1. Just the residues that are surrounded by fewer than 16 Cβ atoms within 10 Å (Cβ to Cβ) and either free of Cβ contacts under 8 Å to residues at least 24 places away in the same chain or more than 20 Å from the chain's Cα centre (by Cα) (or both), please, taken from segment 50-64.
2. Does Pro200 qualify as being touching a residue at least 12 places away in the same chain (Cβ under 8 Å), surrounded by fewer than 17 Cβ atoms within 10 Å (Cβ to Cβ), within 18 Å of the chain's Cα centre (by Cα) and assigned to a loop (DSSP other than H, G, I, E, B)?
3. I'd like the full set of residues that are buried (at least 16 other Cβ atoms within 10 Å of the Cβ) and more than 19 Å from Met120 (Cα to Cα), limited to segment 159-174.
4. When the residues of segment 50-65 are narrowed to those that are small (Gly, Ala, Ser) and assigned to a loop (DSSP other than H, G, I, E, B), which ends up modelled with the highest pLDDT?
5. Residues to consider are Ile145, Ile156; find the one that is surrounded by 15 or more Cβ atoms within 10 Å (Cβ to Cβ), free of Cβ contacts under 8 Å to residues at least 60 places away in the same chain, in a strand (DSSP E or B) and in contact with a Cys (Cβ under 7 Å, 6 or more places away or on another chain).
6. Does Lys47 meet the test of being of a type in the set (Lys, Arg), surrounded by fewer than 17 Cβ atoms within 10 Å (Cβ to Cβ), touching a strand residue (DSSP E or B) at 6+ places or on another chain (Cβ under 9 Å) and modelled with pLDDT of 95 or more?
7. Quick test of your reading of the structure: Ala177 fulfils all but one of (1) within 28 Å of Tyr48 (Cβ to Cβ); (2) crowded, with 16+ Cβ neighbours inside 10 Å. Name the failing condition by number.
8. Across segment 159-197, what is the total count of residues that are part of a strand (DSSP E or B) and either aromatic (Phe, Trp, Tyr) or farther than 23 Å from Asn221 by Cα (or both)?
Amino acid sequence: MRVLLLCDDYWHPGQIPIEGVKPLENKGFEFDIVTDIEEFNVDMLSKYPVVMLSKSGQITKEDPDGWKTPEVQQAFIDYVENGGGLLVMHNATVPGKNTGAMDKMVGCRFTFHPQTTPVMVQPVKPHPITEGVEAFCEEDEHYRIEILADDVDILIAAHSPPQGDPEKYKDEPSKNAPAWIGAVGYVRTQGKGRICVLLPGHFVEVWHNPQFQKTLENALNWCAAL
């Protein structure tokens, strides 16, 4: 299966997802990779059964301006509603300027994360995406999100331990945070298309974890309706 991978932004070098998907090439996947969004054309979308989005709203690592114009957002919405699959990874949930239309389709938006910490990832519901997947723990950024869609079907949750000073939980949540359990993997549909959101993956070690590799394989196949 050919997959379009859009990646690379200021805080998330494209090399991490690029290295992260390499093992999947042994599972029958071929990845066409775009790191410079100026090389992306919305007409490309229709050529792929699945698009893997691992890019926040920034144009490139060097250029923080937004790339999700109203036209681009509508193209993604049309792609999904006409039957395309969208796998949204980690940093792709970070909203950009005026990205509400696409955020709503994705079904959530990133709010913040505390410091890197051991994160225990656990499937919580039987589904083709969680089939054969067991719990695993890796150092990662445990994203907090605001869920925007009423129909998200949560498949995977994660737990992280408390960090820092409890007296500063409210004042400095990015450095001091209580223990947390939250959704890190869900699916939804829109029109004829399928969307999967997976929040783990700040580091390549997370991508290469065998359980996460199995999750990615399952998610790509599910998004493609295979």
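1. Glu62, Asp63, listed by residue number.
2. For Pro200, the condition - touching a residue at least 12 places away in the same chain (Cβ under 8 Å), surrounded by fewer than 17 Cβ atoms within 10 Å (Cβ to Cβ), within 18 Å of the chain's Cα centre (by Cα) and assigned to a loop (DSSP other than H, G, I, E, B) - is not met.
3. Step one: of segment 159-174, the residues buried (at least 16 other Cβ atoms within 10 Å of the Cβ) are 159-160, 163-164, 169, 173.
Within segment 159-174, Tyr169, Pro173 qualify.
4. Filtering segment 50-65 for residues small (Gly, Ala, Ser) gives 54, 56-57.
Those still in the list that are assigned to a loop (DSSP other than H, G, I, E, B) too: 56-57.
On the way: Ser56: 92, Gly57: 85.
Residue satisfying both the conditions and the ranking: Ser56.
5. On the way: Ile156 fails: in contact with a Cys (Cβ under 7 Å, 6 or more places away or on another chain).
Of the residues listed, the single one that is surrounded by 15 or more Cβ atoms within 10 Å (Cβ to Cβ), free of Cβ contacts under 8 Å to residues at least 60 places away in the same chain, in a strand (DSSP E or B) and in contact with a Cys (Cβ under 7 Å, 6 or more places away or on another chain) is Ile145.
6. Details: of a type in the set (Lys, Arg): yes; surrounded by fewer than 17 Cβ atoms within 10 Å (Cβ to Cβ): yes; touching a strand residue (DSSP E or B) at 6+ places or on another chain (Cβ under 9 Å): yes; modelled with pLDDT of 95 or more: yes.
Spelling it out, Lys47 is indeed of a type in the set (Lys, Arg), surrounded by fewer than 17 Cβ atoms within 10 Å (Cβ to Cβ), touching a strand residue (DSSP E or B) at 6+ places or on another chain (Cβ under 9 Å) and modelled with pLDDT of 95 or more.
7. (1)
8. Going through segment 159-197, the residues part of a strand (DSSP E or B) turn out to be 159-160, 163, 177, 180-190, 193-197.
Checking which are either aromatic (Phe, Trp, Tyr) or farther than 23 Å from Asn221 by Cα (or both) leaves us with 159-160, 163, 177, 180-182, 186.
Summing the residues that are part of a strand (DSSP E or B) and either aromatic (Phe, Trp, Tyr) or farther than 23 Å from Asn221 by Cα (or both) in segment 159-197 gives 8.
The values are calculated or read from the model by the stated rules, or taken from the named source; none is laboratory data. Since we're looking at a predicted model, the values are computed, not measured. Every residue, glycine as well, gets a Cβ built from its backbone with ideal geometry; the counts of neighbours run over all protein chains shown.
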